[in-house]
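Bear in mind these aren't lab numbers, they're just calculated from the coordinates by the rules spelled out. Since we're looking at a predicted model, the values are computed, not measured. When we count neighbours, we look across all protein chains shown, and the Cβ atoms used for this are built from the backbone with ideal geometry, even at glycine.
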Amino acid sequence: MTMSIVDDLSPESRQDYLLIGRQFGSRDTQAQGNKGLNALAKYGAVIAPFGYPTADADRLGAVLAEQTAAGVGRESEKTAKKVTNKAFVSASGSAKTSRRQARTVLESARRPLRESKTGQQAVADIDSVLQRTQRSGANPLLLAQQLELLHAALSDPTIAAAAADRGGPEALAQLELALPALRAADAGRAAPRGTPAETELIDVLDGMIVALVRDARRAARAAAEALGQPAIAKAFELDELYRSRRGGGGGEDPDVTV
């Protein structure tokens, strides 16, 4: 049996890449990876001192080769997964907006509670929830759990009283809309084609490509700023990666805000 690049990954990194890869269409990652290789052929030596060594460029090429061997890009492919579900992307973005709103309200309510002689437990509860709801990355289950924590905090009578005129009711209403929408969109994503093992392999490869092109873009932006050459950064923008999400436009990375 031929060994795969993913066989050498730690279980933790494999899971990370799997969660990332599930969010992207394989043809988009393939197109972005190939664009990255073309940019590296021109600027690889330039961005290497800024955090993207030749080894990473070689790894990107190897992952792309395995992705192609797995069937991505063929008209007759049976294992390539569906293009990212736009409803899920939208619901995830709305959920993160609701999370930010709820966190802001809790932060605002914290001060009067801290000043109150009877509000110290509520302050401790707020601090705990704020600590546990900072980021969720590409994990929709974790994001849903964070919305639940925020909802529970804002529903606490003591906290609710302090947040009543600070946007508490509005934040609760948004959470109550965002949470079921996120769960429904996540559950409703189209079932992938191919066996579970084939699909998981391609998801992990997709995630590896996304991580590698994001690292390349980060190094390219640093190099462009240091050298005063914006063309370097432009060559590594992620316009191909988000083509299916945005109808072909835009190179910004909405996943930077997690």
### Table column - 3J(HN,Hα) (Hz), segment 54-71, Karplus curve with 6.51, -1.76, 1.60, x for Gly and Pro
4, 4, 5, 5, 5, 5, 4, x, 5, 5, 4, 5, 5, 4, 5, 4, 6, x
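Given the peptides 56-68, 88-100, arrange them by the average over their residues of other C-beta atoms within 10 Å, most packed first.
On the way: 56-68: 17.9, 88-100: 19.5.
In descending order of packing, they fall as 88-100, 56-68.
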### Message
If I model a spin label at Glu148 and Asp58 as a point 7 Å from the Cα along the Cα→Cβ vector, what separation in nanometres do I get?
### Response
4.6 nm
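Run the numbers for Ala187 and Ala161: contour at 0.36 nm per residue of separation, minus the present Cα-Cα distance, in nm. The partial results should precede the final answer.
Details: separation 26, 0.36 × 26 = 9.36 nm, distance 3.50 nm.
Residue separation times 0.36 nm, minus the Cα-Cα distance, leaves 5.9 nm.
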### Task
Let me know the charge dipole size of segment 86-187 about its Cα centre in debye, to the nearest 20, where only the beta-carbon of Lys, Arg (+1) and Asp, Glu (-1) is charged.
320 debye
### Query
For segment 204-212, in order, what is each residue's ³J(HN,Hα) by Karplus, 6.51 cos²θ - 1.76 cosθ + 1.60 with θ = phi - 60°, in whole Hz (x at glycine and Pro)?
5, 4, 4, x, 5, 4, 4, 4, 5
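Enter the mean projected area of the convex hull around the alpha-carbon atoms of segment 86-187, in nm², rounded to one decimal. Can you show the working numbers first?
Details: hull surface 22.6 nm².
Taking the Cα atoms of segment 86-187, their convex hull projects to 5.6 nm² on average.
If r is the Cβ-Cβ distance from Ala226 to Thr97 and R0 is 41 Å, what FRET efficiency results, to the nearest 0.05?
Numbers: r = 34 Å, r/R0 = 0.83.
E(calc), rounded to 0.05, equals 0.75.
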### Summary
Any residue on another chain or 5+ positions along whose placed amide H is under 5 Å from the amide H of Ala70 is listed here as none
